[in-house]
Each structure stands twice: as structure tokens, then as C-alpha cells.
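S.K.: Just dropping this structure here.
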2 protein chains.
Amino acid sequence: MPTVKDVASRAHVSPGTVSNVLTGKRPVAPATRERVLQVIEELGYHPNILARSLINRRSDTIAVVASGLEYFGPSQAVTGIEREADRHGYSVILELIPWLDRGQTNRALAMLAGRQVDGIIWAVPEISDNRDWLNDEDFDRLPPIVFMSMAPRPGIYAVAAGNRHGAWLATQHLIERGRTRIGHITGPADWWEAQERRAGWEEALAEAGLPCEESQVFVGDWYASSGEIGLNELLRRHRDLDAVFAGNDQMALGVLRAAHLAGRRVPQDLAVAGFDNLHESAYFWPPLTTVNQDLKAVGGEAVRRLNSLIEARLAGEPAPALEVNSHRPEVRARGGVVGLARPRA
Amino acid sequence: MPTVKDVASRAHVSPGTVSNVLTGKRPVAPATRERVLQVIEELGYHPNILARSLINRRSDTIAVVASGLEYFGPSQAVTGIEREADRHGYSVILELIPWLDRGQTNRALAMLAGRQVDGIIWAVPEISDNRDWLNDEDFDRLPPIVFMSMAPRPGIYAVAAGNRHGAWLATQHLIERGRTRIGHITGPADWWEAQERRAGWEEALAEAGLPCEESQVFVGDWYASSGEIGLNELLRRHRDLDAVFAGNDQMALGVLRAAHLAGRRVPQDLAVAGFDNLHESAYFWPPLTTVNQDLKAVGGEAVRRLNSLIEARLAGEPAPALEVNSHRPEVRARGGVVGLARPRA
DNA sequence: TTGTAAGCGTTATCAC
DNA sequence: GTGATAACGCTTACAA
């Protein structure tokens, strides 16, 4: 692999001049410049960015630590992150770790610090106590971090979609269509996002003065199978159930299946709403009403925040203030609910 | 950020000794070793991997260049790649580019070469002429590359799932169940994978002596909507159509919808098979028979190949011989086809 | 405008 | 077993 020296000697200039041509930080005579550029072309020279980073004390690299990339949410978020990172001139290191593994957390952090990433986006969802490490971590020794999908905490930069609000919207949507006995199938109880969605469902019911008891809730595991089991269980408990809000579209799909098998017509006998707006959900049978979160946009927002943290730290300024995140979910109303005209979005 | 020097002076040793403790390449006295380790702990020191790479001429980083990470296939593949890369001690740089953009291709390649990645996995599907750049690229100037989802070519390392075989299996499955008028909804005609799947469908029909004409084919775009349109069109052309093989599960989902709306019972009147085995497909209504490709495994295989190429180049050995890739798809038979017992897998 | 030299944080080579 | 010293490939004062 050719180096600056190779280029320099072949172009009869000094390495410094080659550098100046490349970075454009100092003026170079047009003639020399041309000559250098030509040699670069001839040699197929690419400046070694690692060496450059060593001097600049900046790697132009950010890391995204995520889990479950094979599923919808994370794949959307990472896509949005990569796109925005690219726009800001960052390369992205992708680090996939298990949802709950303290050892991996520390190893990943150490590795990324060693790789001199300029910042980190922590896109592992908050589950159980997998955020405890925040308490005994010294953030001054780490690059700036922006978190996704976690409960807000003082001193921590977090970006999230409006889980609670989205769930509220979906439930509200069911209520507006005259449903009064509305069940909920949640994600795993130790997931923050599942808790938020449940809270949104509860709030909407409370505001409408509708019943909201533990018996209306079935705790699922995000998978379709738990939606199927869940609906059967809820129907056993409440024969008059007329609607279900599922914590995600996969579980809603399981609900649809259980409803078909139980001979309940959707939406006439049972209205169903999901959460996520999977690509496929508009083609479920019947099409599923669901909540759209623009996770790509949330990922992009995380990158912009991270970038401002990075710039601030480099400039020696204090970190910019936390702002409330403004990503609003929206209901994608489809045939799944009676009397529905067209999408609100 | 502390450096080796800081650690060295505080532990009253030389930088070289600290390095020896860290790399373990030369013996260090237990006492000194202990002392150094303690200082490292105290200071929260992480060796600068960029500086290390500069000397080692090895970054322990591979890049994956992909497209459409928000969709099922790429997200599976990248997940498998990251996992296996991790196992081999590589970090992964994720570079997302549009499917068809020559400029982006060159920019990505130049950038990755500059970042000194040890190897590249090119996971952008082959579409139209988006592989033409291979002809005028000088591979000696680039890190080793392993390609996914592309037609085999001499001198190129490629790994792919068995698209053709999978399509053959699915069609065969329909034939075995007595279907004789089998249509096909393809992906976009300029996608290599769509061509392969179509070829598999054709082969199975030919072997069975069944009709296989242009009129049985509808060219879709991978999305569910094109499956719906496609079935309507195929039914218009062939009133006796008794089965459809869709090029992916999303289009199969559209087919299901069209069948419902047209009053054709699935599978009694119309058998449907898809391709991909989406998480959700077992819960479609009715459950979809589809082809399972283990794309995570294919991704893992790509990493192992790449690793052997990297090792070989570093050792100055010739690149290891190409082997035929052995990833076999399998049919996931579900209720979508008449008379089916249970999954073959 | 250009060349020279120092230094970024490591590791490898060579003495001791 | 340990300590100086010289690289790795680049950028940037400082001179010229």
C-alpha cells in the first residue's frame, strides 16, 4: 500500500505538501497540486485514516450498540442512524450484544473506548436492570453517549419514540369507535417500552372512565404466539371483550389468528389495534390498525444529538442542554376497526 | 485520556513493559505485571487500538456494505455477519448504500480502504448492472472481498443462499400436492435473486412436464401490493390457476389478500407458497407455506471465508480455493397447502 | 509556497 | 525480565 512518502517522492514534493493537497488546509500551487493529484491517481493511494485520527484525536467514527437487529424496531433504528451518521461524515461501528448481559456491556464499552469512537448510540432497549451500570460508570472516561428506548434520567441523553402517547392514541382510537371493554396484551413486563405502552392504554381508559383492571391484561413476549394465547385467555376472562390493543403488531397478528379460530369477526365482534406498523400489517387479514413510529427518524435524531455532544466536548464547551424529544407516533387506521374512514396520518 | 506512558511512569516501568503486560507476547514478572494491571485499573486506561493497528498493519475490522437493512433479508444477513465477526475478534463497520449507485460504490470502497479494514463483505444484492465495477477494479489494491447474493464469477468469492433450489423445492411441494396450474409472481426482473427463484420454478415445472409459459408469470416488486395485483392479473389470464409461488413472503401476503377478496379459498381453491420465512408468515391467514433460508448462517459463512482470505493474504499465501457454498434452503410447510402434515425441516 | 522535523500512541528490536 | 529507541503513516509548526 502506497503512503504519503511514496506519493511525495514520485511527485517531487514533500510529504507535507501532499497532506496539504489532501486536506486543503494550506494553499498549494495549482501546478504542484495537479501533479500530486495525478500521482495519487496513478498509485491508487488512499490516505490512512487511522494515522490521521491519531493526530486529529478524532476518528470520525461512532458506534451503535444494539440488540435484536433481526427484528423490525432495531433494524429501522440502525438504518436511520447509519444514514444520518453518513450525512455527518461518521463511519458507523455496529456492535450487537445480548439484551441482558452485564459482562458484554462492559466489554463493549471498553472495546469502543479503545477504538477511539467519537461517540456511542446505545440502542439496546431498557429491560429489567440492564441500565444499572450507568450508576457506577464514569462518563468522563467515555465518549459521549446517547441512549435510545430508555426511561429518562437526569444527566443522561436519551431519545425515544412516544411509546406511551402512541399506546394512548391506539386505545383512544378504539374508544372513539365505541368500544368499552378493551383488553391489552403487553410485551414482557420488564421491558420499559412494554411498560410505557401499557401506561398509555391505562391512561386512555381512565380518561374515558372505562374499566381498567388487571384481568384485562395479558403479559406476552412480543411474539405472535403469545398474542394468540393471550386473546384466548382474555376471552375466557371476559366474554364481553370487544377490543384488544396489542403491544406490537406481531402479537396483534396472533390475536387475529385466535379471533378467526374462535369465530369472532374482526372488527365487527372484536376490534384489534397493534403497535409498530410493520411493513406487512396493512396486508394482514383484516388489515391491521396500528401505531406508526418513525424509528428511522428517531435514530437520525439520536445521531444529531450525539454529534452536538461530540462537537461540544471537542470545543471544551459544556454539553448542550437536554431538550424534550419530539417524535410523535401516529395511528395508522385500517379496516381493523369498525366505521373507520381513512388514515389519520 | 491516559496513555501507555502515563501507566508506565505511574507503575515505575517502561512503556514497553506495559505493552508486554497487555499483549502477553513477552514474559513479565508476576509482581510488575500485577502492579501495571492495578495502575491500568486506577487510571481507567484503554489502549489506543488505532495506534496499535498502525504498527500491526491490521485493524481487526471488517466492513459490511449493505442495502435495505430495514428489510428482512439484509437484517438477517448483517446479524449473522456481526455475530461471526465478533467471534473472530473483528469489529464491524456498517456502510449502507443505495442499491444502484456507482458513485456511492466507489466512494464506499475508497473510504473503507482508507480506514484500513482487513476485509469487506459486499452484501448489496446484484441488480441490473450494479456489479459492472468489478471489471475495472484492481483487487490487489483493495482488501479481500466476499460477496453475497450475486451470480458466481471466476475469481470472485461469493456466498449465497440456494435461491434456485429453494424455489424448486417450493414449486415441487405444490406439484406433489397435485397442483398443475402453477403461477409465479417474481421480484423485479433485474434482481439476480428474482431470476434465480424464477429459474427454480421453471425447472420444477419442466421436470414435472407441467405448463410453464410467460403468461403464468407476473413481475412484482417484492412488496405485498404487487402480490395482490399480480394474483388478480394471473387469475384473469388463467381461470384454472390452482397454485401460486410468490418470490417472497410479502408478495405471498398480497396474494392471500387478493384470494380472499376474490372469494378463492386458500388452500382448497388456490395453494400459495412464499419465500423467506418471515417471522410472521406462520401466523398469516392461513399460515403460509414458505421457504426458509438461514441467512444468518450465510452471513456467518461469508465471515469465515473472508477471514481465511485475510489470513492467507497476511501470510503471503495464495488465496484459498473457492468451494461450492452449501447453504440449503428448506420448505416450511404450513396450512397454506392442501393435505400437508407437518414441516419438513 | 514548500521543506524539515517533531509527535500522535502503540509495538518491536535490540541491548543489558 | 526490563528499558531505550525506532518505527507505523500522517499532520503541523516552524523555517526557508
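The values are calculated or read from the model by the stated rules, or taken from the named source; none is laboratory data. Predicted model, so just to flag it, every value in this text is computed and none were measured. Neighbour counts run over all protein chains shown; Cβ positions are idealised from the backbone, glycine included.
S.K.: Just one of (1) under 16 Å from the mean Cα position of the chain (by Cα); (2) not in a helix (DSSP H, G or I) trips up A:Ala297, so point out which.
M.R.: Evaluating A:Ala297 over (1) under 16 Å from the mean Cα position of the chain (by Cα); (2) not in a helix (DSSP H, G or I) leaves (2) as the failure.
S.K.: Among the residues of the stretch A:87-111, how many are more than 12 Å from chain B (Cβ to nearest Cβ) and outside any helix (DSSP H, G or I)?
M.R.: Of the residues in that region, 4 qualify.
S.K.: Follow-up question, since we're still on this one. Tally time: how many residues in the stretch B:3-14 are more than 20 Å from B:Arg52 (Cα to Cα) and within 7 Å of DNA strand D (Cβ to nearest atom)?
M.R.: Count: 1.
S.K.: As an exercise: evaluate A:Ala259 against (1) in a helix (DSSP H, G or I); (2) among the aliphatic types (A, V, I, L, M); (3) more than 11 Å from chain B (Cβ to nearest Cβ) and give the number of the one condition it does not meet.
M.R.: Condition not satisfied by A:Ala259: (3).
S.K.: For the condition more than 9 Å from DNA strand C (Cβ to nearest atom) and crowded, with 22+ Cβ neighbours inside 10 Å, what is the one hit in A:Ala11, A:Ala77?
M.R.: Of the residues listed, the single one that is more than 9 Å from DNA strand C (Cβ to nearest atom) and crowded, with 22+ Cβ neighbours inside 10 Å is A:Ala77.
S.K.: From the list B:Val272, B:Val266, B:Val291, exactly one residue is hydrophobic (A, V, I, L, M, F, W, C), touching a Pro at 6+ places or on another chain (Cβ under 8 Å), touching a residue at least 40 places away in the same chain (Cβ under 8 Å) and within 14 Å of chain A (Cβ to nearest Cβ). Which is it?
M.R.: Residue meeting the stated conditions: B:Val266.
Yes/no matrix, rows are residues, columns are (1) assigned to a helix (DSSP H, G or I); (2) surrounded by 22 or more Cβ atoms within 10 Å (Cβ to Cβ):
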| position | (1), (2) |
| --- | --- |
| B:His173 | yes, yes |
| B:Arg179 | no, yes |
| B:Ala194 | yes, yes |
| B:Arg198 | yes, yes |
| B:Trp201 | yes, yes |
| B:Cys212 | no, no |
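S.K.: Something else about it: Do the conditions hold for B:Pro143, that is, is it outside any strand (DSSP E or B), closer than 22 Å to B:Thr61 by Cβ and either among the small types (Gly, Ala, Ser) or modelled with pLDDT of 95 or more (or both)?
M.R.: Against the criterion (outside any strand (DSSP E or B), closer than 22 Å to B:Thr61 by Cβ and either among the small types (Gly, Ala, Ser) or modelled with pLDDT of 95 or more (or both)), B:Pro143 qualifies.
S.K.: Considering only the stretch A:146-162, state which residues are in a loop (DSSP other than H, G, I, E, B) and not polar (S, T, N, Q).
M.R.: A:Met150, A:Ala151, A:Pro152, A:Arg153, A:Pro154, A:Gly155, A:Ile156, A:Ala160, A:Ala161, A:Gly162 - these are the residues of the stretch A:146-162 that are in a loop (DSSP other than H, G, I, E, B) and not polar (S, T, N, Q).
S.K.: Please state which one of A:Asp60, A:Asp86 is within 22 Å of B:Met111 (Cβ to Cβ) and either in contact with a Lys or Arg (Cβ under 8 Å, 6 or more places away or on another chain) or more than 16 Å from DNA strand C (Cβ to nearest atom) (or both).
M.R.: When all the criteria are applied, what remains is A:Asp86.
S.K.: Could you list all residues from the stretch B:15-74 that are more than 10 Å from every other protein chain (Cβ to nearest Cβ), within 8 Å of DNA strand D (Cβ to nearest atom), of a type outside the set (A, V, I, L, M) and part of a loop (DSSP other than H, G, I, E, B)?
M.R.: B:Arg26, B:Pro27
S.K.: Additional query: Taking the stretch B:208-239 as the region of interest, how many residues are farther than 12 Å from B:Arg264 by Cβ and either among the polar types (S, T, N, Q) or more than 14 Å from chain A (Cβ to nearest Cβ) (or both)?
M.R.: 18
S.K.: For the stretch A:112-128, which residues satisfy the criterion of being part of a helix (DSSP H, G or I) and surrounded by fewer than 22 Cβ atoms within 10 Å (Cβ to Cβ)?
M.R.: If the condition is that a residue be part of a helix (DSSP H, G or I) and surrounded by fewer than 22 Cβ atoms within 10 Å (Cβ to Cβ), then A:Ala113, A:Gly114 are the ones that fit.
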